[in-house]
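See structure below.
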Amino acid sequence: MTPYFMTFHVKGELAGTLFLREPEPRLLIDLSPAPTTGAKAPGHAYPERVCFTLRSSELITRFRDEMRPGDVVEATGTFSQSGYIPHKTSHIDTTFMMLDFTRVTRRLPNLSHSGRTYHMPELVWMH
């Protein structure tokens with residue numbers, strides 16, 4: 001018998017999260033394949049994004065403690081396509097279940113002084 005698998009390995013910028021308590025606790029995580037545009041309007045700072053789900057309470061706690069929008073995340077997990085899950089006014093047919101993640105970088109805010117802006121480098125975190 002041939003073994004089959006459906007896994008993903010992704011690296012992207014954290015665009016945002018949404019914690020849902022019902023029907024069971026889960027954290028929805030939006031990752032962007034491109035850095036932020038810097039736009040202030042919702043949905044325009046990260047025009048491209050993919051939603052991932054965390055269901056493990058330990059991983060949810062760790063993610064919420066360690067990650068902030070703008071951080072770069074590298075993650076692995078599984079995905080499936082089955083039925084249609086109602087979401088707002090439409091349906092989702094593919095779900096990406098995150099099983100592990102690592103923070104790759106943390107953005108520092110730019111500094112401004114006397115009308116000049118100094119662009120700060122990214123810090124690389126080693127785990």
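The values are calculated or read from the model by the stated rules, or taken from the named source; none is laboratory data. Note that the structure is predicted; figures quoted are calculated from it, not measured. Note: ideal-geometry Cβ built from the backbone for every residue, glycine included; neighbour counts use all protein chains shown. What goes into the accessible areas is simple: the full protein's heavy atoms, side chains included, and nothing from ligands, DNA or RNA. Shrake-Rupley method; radii C 1.70, N 1.55, O 1.52, S 1.80 Å.
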Select from segment 41-51 the residues that are small (Gly, Ala, Ser) and surrounded by 16 or more Cβ atoms within 10 Å (Cβ to Cβ) and list them in ascending order.
45
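For every residue, the table says whether it meets (1) over 15 Å from the mean Cα position of the chain (by Cα); (2) open to solvent by 90 Å² or more (accessible area, probe 1.4 Å); (3) β-branched (Val, Ile, Thr).
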| site | (1), (2), (3) |
| --- | --- |
| 30 | no, no, no |
| 39 | yes, no, no |
| 53 | no, no, yes |
| 64 | no, yes, no |
| 77 | no, no, no |
Any idea which residue in segment 4-23 is farthest from residue 41 (Cα to Cα), counting only those that are open to solvent by 40 Å² or more (accessible area, probe 1.4 Å) and either of a type in the set (Phe, Trp, Tyr) or touching a Pro at 6+ places or on another chain (Cβ under 6 Å) (or both)?
4
